[in-house]
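A short reminder: the numbers here are calculations on the coordinates, not readings from a lab. Please read these numbers as outputs of a predicted model, since none were measured by experiment. Note: ideal-geometry Cβ built from the backbone for every residue, glycine included; neighbour counts use all protein chains shown.
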DNA sequence: TATAATGATACTAATATAGTATCATTATAA
DNA sequence: TTATAATGATACTATATTAGTATCATTATA
Ligand code: SF4
Ligand code: SF4
């Protein structure tokens with residue numbers, strides 16, 4: 001069970017690199033080389049981030065991408081949502097059945113609590129918090 | 001992001017039903033009918049549970065399956081492990097790189113903590129605890 | 001000894017993830 | 001004004017994972 005898939009992973013890497021450009025537009029071609037991610041794949045990812053308001057894009061010569069907001073407003077949870085959908089630990093352990101006692105089920109209560117905890121942790125991780133730990137960044 | 005896949009889900013349903021048989025062997029054919037799970041698929045799942053020591057099986061006429069241990073010793077976490085592998089929220093957010101500062105990374109620390117929390121919650125959920133909530137069980 | 005069960009294993013189908021290709025649009029700078 | 005270097009949109013292919021099927025061998029029992 002993996003929390004983060006490749007899209008999200010690449011998105012994080014790219015966003016961190018873009019954040020460090022001090023508002024200088026960076027084109028996909030350059031990013032792809034630096035991060036060693038296949039250019040068309042990275043492009044697709046950045047296009048999605050643009051559509052979803054995380055990045056701003058500039059067409060034409062000298063164009064490229066910029067963060068749409070400051071790094072402390074970009075949350076890991078949102079990136080996961082964009083590329084992997086909502087964090088739902090479990091719709092209900094018996095997915096297909098309609099439970100008559102959904103409100104009192106102890107199991108459901110616990111899985112719900114677990115889900116809330118995971119989400120709140122993911123909400124507390126921002127791009128800024130990743131950047132702060134500058135010493136441990138690489139590639 | 002889904003915590004429990006169909007194998008695990010079916011396994012839980014089946015185990016709960018087997019647990020309620022008071023040590024009477026129950027064959028796959030019967031279980032499959034009751035739980036509305038395709039017979040060969042459920043069979044595969046129970047065979048795995050047998051191999052992994054969760055169930056005991058009895059061949060031949062009048063054969064079937066029984067729990068290998070008491071319901072309070074059967075943990076949700078183990079079932080997830082069997083069918084979906086280890087709960088690893090994230091090997092490391094930049095999977096492919098080798099990080100020079102893996103020990104001091106704040107992000108890693110937090111994801112690790114999150115993973116530990118999830119695992120310990122899953123360890124606290126047993127088949128017995130699901131059965132206790134008898135009123136809310138079904139099909 | 002027929003039968004009703006599981007064991008083992010290989011196969012197919014469906015879905016999700018990962019990655020590619022291509023043409024259209026647009027902004028810039030020579 | 002026009003070649004060029006960028007993104008936008010979209011459709012496609014490939015790979016991996018998940019879901020489900022099929023079949024023959026083995027075994028216990030009535
Ligand atoms: S509420 Fe509880 S008993 Fe009902 S379907 Fe959900 S997990 Fe099962
Ligand atoms: S330790 Fe931190 S910085 Fe290093 S690879 Fe892991 S998440 Fe990234």
>> Please compute, for peptide B:10-18, the average count of beta-carbon atoms on other protein chains lying within 10 Å of each residue's beta-carbon.
In response: 1
> So for the pair residue B:70, residue B:44, with labels modelled 7 Å out along Cα→Cβ, what separation do we get in nm?
Replying inline: 3.5
> From the label point of residue B:40, set 7 Å from Cα along Cα→Cβ, how far away are the matching label points in the other copies, in nm, ordered shortest to longest?
Replying inline: 3.7
>> Tell me whether the protein assembly as shown comes out rounded, prolate or oblate; compute the Cα gyration tensor, take square roots of the eigenvalues as a ≥ b ≥ c, and use a/c under 1.5 as the rounded threshold.
In response: prolate
>> Taking 45 Å as R0, compute the FRET efficiency from the Cβ-Cβ separation of residue B:109 and residue B:61 and round it to 0.05.
In response: 0.20
> How big is the convex hull of the Cα atoms of the stretch B:6-137, per residue, in Å³?
Replying inline: 133
>> With equal scatterers on the alpha carbons only and no solvent term, can you work out the Debye log10 of I(q)/I(0) for the stretch A:1-74 at 0.14, 0.17, 0.19, 0.23 1/Å?
In response: -0.39, -0.58, -0.72, -1.07
> Residues of B:105-111, mean number of Cβ from any other protein chain within 10 Å of their own Cβ, rounded to a whole number?
Replying inline: 5
